[in-house]
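The values are calculated or read from the model by the stated rules, or taken from the named source; none is laboratory data. Just so you know, these numbers come straight off a predicted model, no measurement behind them. Cβ sites come from the backbone with ideal geometry, for glycine too, and all protein chains shown count toward neighbours.
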Amino acid sequence: MTYRAPVADIAFTLKHAAGFAAARRDGIFDLADDLLEAVLEEAGKFATDIIAPLNRAGDLHGTRFHDGVVTTPPGWKEAYRSWAAAGWNGLASPEPWGGQGLPHAVNAACIEMWNSASMAFGIGPVLTMGAIDALAFHGSDALKQQYLPKLISGEWMGTMQLTEPQAGSDVGALRTKAVRAPDGSYRITGQKIFITYGEHDLTDNIIHFVLARLPDAPPGTKGISLFLVPKFLLAPDGAPGARNDVRAHSVEHKLGIHASPTCTMVYGDQGGATGFLIGQEKSRHGLHVHHDERDAARGRPARRGDRRDGDAAGRAVCARAPPGPWRRHGRDAIGADHRPCRRAPHAHDHAGAHPRGARDLLRNRGRDRSQPSYG
Ligand SMILES: Cc1cc2nc3c(=O)[nH]c(=O)nc-3n(C[C@H](O)[C@H](O)[C@H](O)COP(=O)(O)OP(=O)(O)OC[C@H]3O[C@@H](n4cnc5c(N)ncnc54)[C@H](O)[C@@H]3O)c2cc1C
């Protein structure tokens, strides 16, 4: 199915339903309608002409994983690099660091087009955008100077790393460890799973934003801190230098978005990856900072594209398999303990054991029956 970006509809919605005129009148931003239309027009062309044609081929080809190296589908790297060179990554990023400072609503409209053209393409940059916000609002000046310009230009991409085998929604159960080093940095050890674009060949460096726990941190979410962990540490001239102690162990095989590498990441084979604190240690600060990043990532994608993808995944799960103990998730609905990963499957291991999980599954089944096809 060919995607054609609905530029006129998006422009109309922004101008007449999203309060653009009121925001301009109130001095929130100063963006003329003709400039808004020109930006949307160009984004629409890129999404329609460059990204959309890659979607099906990318999904069929998927990402290849060999010896810790991820190779994206043919054409993916060229498309990403020309997308970044055109300035789309920094559309709403702060101007002092090389961004264009346009309203987030305009960026959201463009993200609608990237995601609708190819969700596998769109979800990588969206995480970089979230990482940029986390660093810009909470990072030290030194970290900002070293990393922000390249993240904003899209020369480097960012990741968001919360999830672990025993810690999904229950992020407070995470065990990745951060230990203070004498030079003020930290050594990170542990494992993360389901990491979108955790490893790839699109950029020369990948900047991971990782939640971890200090040894003296309290249990639960209170003890979580956020660290910036580059794939390559920076040489004195700011270019990627020595390889850091973090690697992709594998790429997930999933139901869809095959061109997006969803990776398992391993930290600390050689004693610990070097990480740099963002915000403050513990006191939930790391989690809040990461939530800003996650909310940015979730809030920005196209609602329509997102919902379709979510619906499709939900239907596929309901139609093809009963909820089962493929993987032990988080905590029991009835118990407070964090369940060890290696014990035998338990009746409460599937998502439907949680009241909200049961509600979601029932709702999806209801939808499945009442809406047999997409309108
Ligand atoms: C394609 C893909 C890409 C991803 N990319 C990233 C990424 O880049 N970085 C990252 O960190 N993670 C990533 N994730 C992981 C994602 O954030 C987790 O899947 C998510 O946090 C849910 O965790 P879980 O899978 O363990 O599900 P669970 O936490 O087990 O949840 C399953 C269901 O049970 C419900 N539930 C859970 N606990 C409760 C409770 N106490 N009460 C009521 N209901 C409950 C949930 O709402 C959900 O409906 C990705 C996942 C996928 C599928």
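Would you call SER169 over 21 Å from ALA248 (Cα atoms), modelled with pLDDT under 95 and within 19 Å of the chain's Cα centre (by Cα)? Outline the logic, then answer.
Details: over 21 Å from ALA248 (Cα atoms): yes; modelled with pLDDT under 95: yes; within 19 Å of the chain's Cα centre (by Cα): yes.
Yes: the conditions hold for SER169.
Name the one entry in THR221, THR196 that is at pLDDT 95 or above and in contact with a helix residue (DSSP H, G or I) (Cβ under 6 Å, 6 or more places away or on another chain). Before the answer, list the steps.
Details: THR221 fails: at pLDDT 95 or above.
Among THR221, THR196, only THR196 is at pLDDT 95 or above and in contact with a helix residue (DSSP H, G or I) (Cβ under 6 Å, 6 or more places away or on another chain).
Specify the residue that is nearest to the ligand (Cβ to nearest atom); the eligible residues are those in the stretch 176-193 that are more than 16 Å from ASP216 (Cα to Cα) and over 25 Å from the mean Cα position of the chain (by Cα).
GLY184
Please verify whether LEU255 is under 25 Å from LYS77 (Cβ atoms) and either within 12 Å of the ligand (Cβ to nearest atom) or surrounded by fewer than 22 Cβ atoms within 10 Å (Cβ to Cβ) (or both), treating the condition exactly as stated.
Details: under 25 Å from LYS77 (Cβ atoms): yes; either within 12 Å of the ligand (Cβ to nearest atom) or surrounded by fewer than 22 Cβ atoms within 10 Å (Cβ to Cβ) (or both): yes.
So LEU255 fits the description; yes.
For residues in the stretch 1-25 being touching a Gly at 6+ places or on another chain (Cβ under 9 Å) and not in a helix (DSSP H, G or I), which is farthest from GLU78 (Cα to Cα)?
The extreme case among them is PRO6.
Can you confirm whether the stretch 238-245 contains a residue that is over 20 Å from the mean Cα position of the chain (by Cα), farther than 24 Å from ASN89 by Cβ and not in a loop (DSSP other than H, G, I, E, B)?
Within the stretch 238-245, the first condition is being over 20 Å from the mean Cα position of the chain (by Cα), and the residues that meet it are 238-245.
If we keep only those that are farther than 24 Å from ASN89 by Cβ too, we end up with 242-243, 245.
Subsequent filtering for residues that are not in a loop (DSSP other than H, G, I, E, B) retains 242-243.
Yes, some residue in the stretch 238-245 is over 20 Å from the mean Cα position of the chain (by Cα), farther than 24 Å from ASN89 by Cβ and not in a loop (DSSP other than H, G, I, E, B).
Which one is surrounded by the fewest Cβ atoms within 10 Å (Cβ to Cβ) among residues in the stretch 26-44 that are in contact (Cβ under 8 Å) with a residue 40 or more places away in the chain and in a helix (DSSP H, G or I)?
Here is the first cut: in the stretch 26-44, the ones in contact (Cβ under 8 Å) with a residue 40 or more places away in the chain are 28-29, 31, 36, 39-40, 42-44.
Still in the list and also in a helix (DSSP H, G or I): 36, 39-40, 42-44.
Working: LEU36: 20, VAL39: 20, LEU40: 22, GLU42: 15, ALA43: 26, GLY44: 21.
Among residues in the stretch 26-44 that are in contact (Cβ under 8 Å) with a residue 40 or more places away in the chain and in a helix (DSSP H, G or I), the one surrounded by the fewest Cβ atoms within 10 Å (Cβ to Cβ) is GLU42.
Residues of the stretch 56-65 being without any contact (Cβ under 8 Å) to a residue 60 or more places away in the chain and either in contact with a Leu (Cβ under 8 Å, 6 or more places away or on another chain) or under 13 Å from GLU252 (Cα atoms) (or both), which ones?
We begin by selecting, within the stretch 56-65, every residue without any contact (Cβ under 8 Å) to a residue 60 or more places away in the chain; these are 56-57, 64.
Listed by number, the list holds a single entry, ARG64.
What tally of residues in the stretch 4-23 results from selecting those that are within 16 Å of PHE46 (Cα to Cα) and of a type in the set (Lys, Arg)?
Matching residues across the stretch 4-23 total 1.
This table checks each residue for (1) at pLDDT below 95; (2) small (Gly, Ala, Ser); (3) under 23 Å from ASP170 (Cβ atoms); (4) within 16 Å of the ligand (Cβ to nearest atom).
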{"residue": "LEU202", "(1), (2), (3), (4)": "no, no, no, yes"}
{"residue": "ALA212", "(1), (2), (3), (4)": "no, yes, yes, yes"}
{"residue": "PHE232", "(1), (2), (3), (4)": "no, no, no, no"}
{"residue": "ASP245", "(1), (2), (3), (4)": "no, no, no, no"}
